[in-house]
Amino acid sequence: RHLCSLCQTSVVKEDSVIQNSYHSVLTQLESVGLRNIPKKIPIELVNLHQLKNNSGNLAHSNLKGFTKTELLTNSKNNQTRTYQVFLLNGLPKIEFEAVLAHELLHVWLYENRVTLLSESTEGFCNLGSALIYENDGTHFSDIHLQAMTNDSDHYYGSGYRRLKARLDESGCNNLVQNLLNPDN
């Protein structure tokens, strides 16, 4: 992978930048009603080979992040959910935050026991990336938003456009409430 000198200057490498970005993304997601995301999820920067190994059969050519979820049961039958987010190393800060937002929405769905078809899951999670890019408002972010809008992938492109249309039509609060209470 090659990065231009403009992107290279904002590549996320240090733990302090990772944590600041994590808190920034959580704040942006919470501002639109997406709460109940754990505050201390481990985030690990990995190379493409490691990312593909961690994601197993879910790997695809544009993979930049993956969230590992586990449901642990102790001897008293208490269940605990654990998460670990793996993000591709070398991402510029805004792209890192957009991918992190996508992954954190996977956590939000799991935490809230929302089950969707794969197309809707990835489309919804891409709304998190779009939120980060929209809030950034730079030309770099506009390019990424346009790429998301034009993505031909069934899950990430079609799913995103469908959920974005629902978001635009009903607003974020209604979309979130419909996901949390599908029978209403």
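The values are calculated or read from the model by the stated rules, or taken from the named source; none is laboratory data. Here the structure is a predicted model, which means the values were calculated and not measured. Cβ: placed from backbone, ideal geometry, glycine included. Neighbour counts: every protein chain shown. For accessibility, only protein heavy atoms count, side chains too; no ligands or nucleic acids. Shrake-Rupley method; radii C 1.70, N 1.55, O 1.52, S 1.80 Å.
Of note:
- Vicinal HN-Hα couplings computed from phi for segment 72-89 (Karplus, 6.51 cos²θ - 1.76 cosθ + 1.60; Hz; Gly/Pro x): 9, 10, 8, 5, 9, 6, 7, 10, 10, 8, 10, 9, 9, 9, 10, 10, 4, 6
- For the pair C172 and L71, a Förster radius of 25 Å applied to the C-beta separation gives a FRET efficiency near 0.35, rounded to the nearest 0.05.
- Think of a 1.4 Å ball rolled over the protein heavy atoms: segment 53-166 then has 50 Å² of accessible area per residue.
- Lys pairs, the chain - Cα-Cα below 27 angstrom, 8 or more residues apart or on other chains: 26
- Mean sequence separation of contacting Cα pairs (under 8 Å, at least six apart), scaled by the length of the chain, corresponds to a relative contact order of 21 percent.
- Over the chain: helical MRE at 222 nm, DSSP H runs n ≥ 4 each giving -39500 (n - 2.57), nearest 500: -17000 deg cm²/dmol
- Taken one residue at a time, the phi angles of segment 108-115 give Karplus couplings (6.51, -1.76, 1.60, θ = phi - 60°) of 4, 4, 5, 4, 9, 6, 8, 10 Hz. Gly and Pro are set to x.
- DSSP assigns beta bridges within the chain; of those with both partners inside it, close to 70 percent run antiparallel.
- Phi to ³J(HN,Hα) by Karplus 6.51 cos²θ - 1.76 cosθ + 1.60 over segment 169-182, Hz, x for Gly, Pro: 6, 10, x, 5, 4, 5, 4, 4, 5, 5, 6, 6, 10, x
- The slack between N78 and A165, meaning 0.36 nm per residue of separation minus the straight C-alpha distance, is 27.4 nm.
- Environment charge at S141 (Cβ cut-off 13 Å; Lys +1, Arg +1, Asp -1, Glu -1): -4
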